[in-house]
1. One residue is enough: does segment 435-445 have a residue meeting the conditions within 20 Å of Glu261 (Cβ to Cβ) and either assigned to a loop (DSSP other than H, G, I, E, B) or open to solvent by 60 Å² or more (accessible area, probe 1.4 Å) (or both)?
2. For residues that are under 30 Å from Leu266 (Cβ atoms) and out of contact with any strand residue (DSSP E or B) (no Cβ under 8 Å at 6 or more places or on another chain), scanning just segment 392-423, find the one that is farthest from ligand 2 (Cβ to nearest atom).
3. Could you tell me whether Asp146 is at pLDDT below 95 and either more than 22 Å from Val203 (Cα to Cα) or within 16 Å of ligand 2 (Cβ to nearest atom) (or both)?
4. Would you be able to tell me the number of residues in segment 396-417 that are modelled with pLDDT under 95 and either farther than 30 Å from Met300 by Cβ or hydrophobic (A, V, I, L, M, F, W, C) (or both)?
5. Looking at segment 238-255, which of its residues are within 14 Å of ligand 1 (Cβ to nearest atom), open to solvent by less than 50 Å² (accessible area, probe 1.4 Å) and out of contact with any helix residue (DSSP H, G or I) (no Cβ under 6 Å at 6 or more places or on another chain)?
6. What tally of residues in segment 280-330 results from selecting those that are open to solvent by 60 Å² or more (accessible area, probe 1.4 Å) and among the polar types (S, T, N, Q)?
7. Just to verify a result, which residue in segment 226-236, among those that are within 11 Å of ligand 2 (Cβ to nearest atom) and of a type in the set (Ser, Thr, Tyr), is surrounded by the most Cβ atoms within 10 Å (Cβ to Cβ)?
8. Can you find, within segment 446-462, the residue that is farthest from the chain's Cα centre (by Cα) among those that are assigned to a helix (DSSP H, G or I) and not β-branched (Val, Ile, Thr)?
Amino acid sequence: MKRIRIKELLKSEPIGEKVTVKGWVRTFRNNQFVALNDGSTLDNIQLVLQLGDFEEELIKKVTTGAAVSAVGTVVKSMGKGQSVEITVEQIEVIGESDPEKYPLQPKKHSMEFLRENAHLRFRTNTFGAVFRIRHAAAMGIHRFFDERGFLYLHTPILTASDAEGAGEMFRVTTLSAQYPPLTEENEVDFSKDFFGKEAHLTVSGQLEAELGALALSDVYTFGPTFRAEHSHTTRHLAEFWMIEPEMAFADLNDNMDLAEEMLKYLIAYLLEHCSKDLEFLDQRLHQEEKNKPMDQRSPMGLIEKLQFCLQNDFERVTYTEAINILRNSKPNKKKKFQFVIEDWGADLQSEHERYLVEKHFKKPVILYNYPKDIKAFYMRVNEDEKTVAAMDILFPGIGEIIGGSQREERLAVLQSRMEEMDIPQDEMFWYLDIRKFGSCPHAGFGLGFERFVQFVTAMGNIRDVIPFPRTPGTITF
Ligand code: ATP
Ligand code: MN
């Protein structure tokens, strides 16, 4: 008999029918009640074993973590907590799990412990919910762009350009680590390396996405990016996934509109497709908050926060306005910020971003028109010649979730910016070429996928929203 997934079974409630279910035992009470989960949904199905119907040897193997297959009849449940259950006729233990050694006991484990057991943490309610939501968010992203005619463009992961300057890069090489070939100057001779030059893992697909947009109009990437960040924060990974749309014939306003529309679409998509998992995480957050001091608790529950984001326009504020707000803010005047804001031109730290979002505006904020000196070379210089058409979207609890800009499409301006910033132009001939042949205004942004998943799951640490996090010193699994 074909297996039915628990999600499907709980939805259709085929009372009186005989079914086969397969999954992993969460708990086994009184030698009678098995809570079985197959990951298709948060809920378990209860298997009821009549006492005396099964061999003692078999019953002994039904332990937490074991993989089992059961055949039985679906009946209305007498107990509370579930509407239907299965009266089991046959049960088979497919994969045993020694209860003395199985790391996941039916009790609450710390997030740190679960991270060390990341190979098993999918089997908990929390991580089941997080990864179902992560999946749905990825589907929602593809749907959003597909509905709007954006092409999914696969940009390379191996790259020779290190000009983007978005972060420290990982080198990729096949040269011997012990005895690399050397040049006459006693430096590593990368002309002997696999690609004939130094290669790295990409920090962003943007530059290549721009090439696509200038022919295909609207494209987006969705792939892994790598940054050798040494920062041990709850918001940085060394390997993370990024979504980077790029639009031709678009300016900064179009860019902000697209970003806001996309975030709202995704939130609505998740509220529709993942309500059960979101309710679970909402409850979880509520419990966690109880252990925090009053002033550190978040003012809204998870679902309330998501609905709030949907219903309110994001606040669009220029960098200059933001600096004035920050300069006159209480924490700045009382020197409570670690980095006190004095002059226009200062780079904003996460403490400033959080102040603007969480204390001042109390909603998502789009900051735009940043000083050109603190931004990348490819951002379009504004008429004031002091600022560039850049925008960052800041979310409560997360800080920066999106970074984007209108790109500099004027060849001469771009060239002089590259000169100023010491960016080799010969290697980037392809990037300059599209400014020579049919250049046009274009814009795009990067959404950090894990930061978004963090926001919609209310998980405190970015390491808990990617299956196998890579951070300094961690690459197990
Ligand atoms: P931050 O200042 O937070 O380090 P950034 O300015 O380096 O971010 P961008 O280069 O603009 O970020 O990258 C685009 C997006 O990618 C960011 O808005 C963020 O959502 C995400 N992002 C950047 N670095 C990381 C990282 N190390 N881990 C996870 N997500 C990241
Ligand atoms: Mn960074």
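1. yes
2. Ranking the candidates gives Pro396 first.
3. When the stated conditions are applied, Asp146 does not pass them.
4. 1
5. Matches in segment 238-255: Ala238, Met242, Pro245, Asn255.
6. Residues that pass the stated criteria total 8.
7. Selected residue: Thr233.
8. Ranking the candidates gives Phe455 first.
The values are calculated or read from the model by the stated rules, or taken from the named source; none is laboratory data. Just so it is clear, the model here is predicted, and its values are computed rather than measured. Positions of Cβ are generated from backbone atoms using ideal geometry, with glycine treated the same way; all protein chains shown enter the neighbour counts. Only protein heavy atoms, including side chains, enter the accessible area calculation; ligands, DNA and RNA are left aside. Shrake-Rupley method; radii C 1.70, N 1.55, O 1.52, S 1.80 Å.
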